Amino acid sequence: MSSLPEDMNASTAPDSSTDRDAARPPDDMMGQDLADSVDLDAAPDMIADSSPDRDQGKDMHMEPTDPDAWRLPEGYFTPSRMEMVISHPRPNTPDWAYSRNAYPGLAWETPIVVQGGAWPFKYEVVSNGGAEGLKIGEVLDRQEVDGFTIHSRAEDYGILSWDDPQPGSYEVEVRVTDQELATTSITFNLQVGTQGWVFVDAEQGDDATADGTIDKPFKTLEAMHRDDSESTHFANHRIYLAGVVPMDGNRPNGNLRIDPGATPAVWVGWPGREAVLEAYEGKFVLDAPDFYMANLEHRHHEDYFPDDGSFLHMFTIFPNNARFTMHDVDITRFQGKGVNTGLGNSSVMMFTRGDNPHVCIVNNRISGPSGIFTSSYSLFESVFENNSWSNAKFDVVDGSVPAILYIKEGANERVTLRG
């Protein structure tokens with residue numbers, strides 16, 4: 001007998017009356033709040049019926065007592081309802097994306113995120129391209145307890161990692177197999193070098209003399225965007241953070257706007273160091289694709305209170321920002337209160353109207369003061385997997401507002417919820 005979390009794949013058809021090409025709201029504004037116009041009775045339709053609705057056409061014969069088998073007995077997993085597609089990493093990402101770059105000698109990892117399929121999966125490194133030491137957590141752990149087979153995730157399950165990257169260029173191929181023996185794979189180039197990285201160390205950095213290298217890290221983010229001409233110098237770079245770093249904005253209202261060809265879109269905790277990105281005011285405003293945040297704590301300062309009369313979010317994602325990934329992030333203090341009390345729109349992440357495909361929110365932890373985790377007008381081909389809430393206090397408008405995934409209206413389709 002087996003016990004494991006149910007894989008829930010949700011799919012809703014787009015509203016034919018929704019204009020995906022509607023003009024983008026003004027800078028940092030979300031437009032009208034639509035909490036009162038959303039048919040909340042339709043929310044259960046986001047989770048499809050768990051009963052099989054088609055002939056799988058697979059040979060699933062297996063001895064359930066086989067201790068070496070990674071596949072589950074038939075009936076102990078949810079059959080696939082969407083084609084299995086790797087949402088992260090993607091084949092069409094730019095050369096500067098985090099999934100394609102590592103720094104020599106610093107531990108590197110990135111999740112392999114799969115939309116659809118029949119979970120749990122088996123992950124395999126088909127070819128490391130010469131990257132000796134590259135590895136992945138292949139299958140769920142199995143433990144026999146009182147006649148039951150208990151399946152659980154190890155920390156490395158589905159995580160592609162390299163403890164000691166060596167300089168060079170490596171073509172890597174990863175394959176994923178699901179319970180129905182369907183497979184999908186991704187091949188990409190992993191570049192290990194020192195170019196394109198910026199280091200910020202709040203404890204040992206020095207803005208006056210630093211150049212942002214690993215040996216001369218900046219102390220604050222302000223050093224990267226003192227003025228417009230300097231901020232573009234770090235376009236398409238990847239930021240490593242250490243210590244408690246104030247989230248200095250590049251806009252007068254404190255917002256940190258990620259613009260194409262200007263502000264870096266990759267924000268990662270320095271391997272082996274504790275990293276906290278703490279916002280005193282403002283938020284991330286995304287107007288560029290391939291945003292990546294991982295391996296750090298993100299929180300509002302205890303006195304965070306923007307007084308701009310707008311909605312409160314940690315991330316505002318404007319239309320057509322493909323490939324938004326958040327992995328292994330601790331959201332510990334979200335001050336979704338103040339000017340926003342009662343609006344029902346206070347969320348850690350807000351996806352506005354338009355196309356926002358390949359959103360991957362995986363392996364994150366939320367605690368402390370909080371609000372709605374994700375509010376959305378448009379999510380496409382996206383995955384929410386293995387996120388957890390502990391000692392979290394949700395401040396929402398009332399009991400009718402979903403606190404985790406709030407589909408406000410519009411087109412949301414091909415979304416996988418798992419674990």
Looking only at region 357-394, count how many residues are part of a strand (DSSP E or B) and touching a Gly at 6+ places or on another chain (Cβ under 6 Å).
3
Flagged pairs (Cβ under 7 angstrom, 6 or more apart or on separate chains; first in region 133-152, closer than 13 Å to W70 by Cα and in contact (Cβ under 8 Å) with a residue 24 or more places away in the chain; second open to solvent by 50 Å² or more (accessible area, probe 1.4 Å) and of a type in the set (A, V, I, L, M)) are T149/M1
Pairs with Cβ under 6 Å, 6+ apart, first in region 395-419 and closer than 28 Å to F121 by Cα and assigned to a loop (DSSP other than H, G, I, E, B), second at pLDDT 85 or above and among the hydrophobic types (A, V, I, L, M, F, W, C)
I404/F373
Looking at this structure, is G338 surrounded by fewer than 23 Cβ atoms within 10 Å (Cβ to Cβ), under 18 Å from M247 (Cβ atoms), modelled with pLDDT of 85 or more and not hydroxyl-bearing (S, T, Y)?
no
Go through region 176-205 and give me each residue that's in contact with a helix residue (DSSP H, G or I) (Cβ under 9 Å, 6 or more places away or on another chain) and either over 23 Å from A102 (Cα atoms) or part of a strand (DSSP E or B) (or both).
F188, N189, L190, Q191, V198, V200
In region 159-172, residues that are in contact with a strand residue (DSSP E or B) (Cβ under 7 Å, 6 or more places away or on another chain) and either β-branched (V, I, T) or open to solvent by 60 Å² or more (accessible area, probe 1.4 Å) (or both) total 6
Does region 70-92 contain any residue that is assigned to a loop (DSSP other than H, G, I, E, B), out of contact with any Gly (no Cβ under 7 Å at 6 or more places or on another chain), over 28 Å from E381 (Cβ atoms) and of a type in the set (G, A, S)?
yes
Can you find a residue in region 236-245 that is out of contact with any Phe, Trp or Tyr (no Cβ under 8 Å at 6 or more places or on another chain), at positive phi and either modelled with pLDDT of 95 or more or open to solvent by less than 10 Å² (accessible area, probe 1.4 Å) (or both)?
yes
Has region 305-316 got at least one residue that is buried (at least 19 other Cβ atoms within 10 Å of the Cβ) and within 17 Å of W96 (Cα to Cα)?
no
For W389, work out the one condition from (1) open to solvent by less than 40 Å² (accessible area, probe 1.4 Å); (2) hydrophobic (A, V, I, L, M, F, W, C); (3) modelled with pLDDT of 85 or more it doesn't fulfil.
(1)
Could you list, ordered by first residue, the pairs with Cβ atoms under 9 Å in which the first is in region 248-268 and under 17 Å from G196 (Cβ atoms) and assigned to a loop (DSSP other than H, G, I, E, B) and the second is polar (S, T, N, Q) and modelled with pLDDT under 85, at least 6 apart or interchain?
G261/T232; A262/S231; A262/T232; A262/N250; T263/S231; T263/T232; T263/N250
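The values are calculated or read from the model by the stated rules, or taken from the named source; none is laboratory data. Fair warning: this is a prediction, and the values are worked out from it, not measured in the lab. Cβ: placed from backbone, ideal geometry, glycine included. Neighbour counts: every protein chain shown. Note: areas computed on protein heavy atoms with side chains; ligands, DNA, RNA excluded. Shrake-Rupley method; radii C 1.70, N 1.55, O 1.52, S 1.80 Å.
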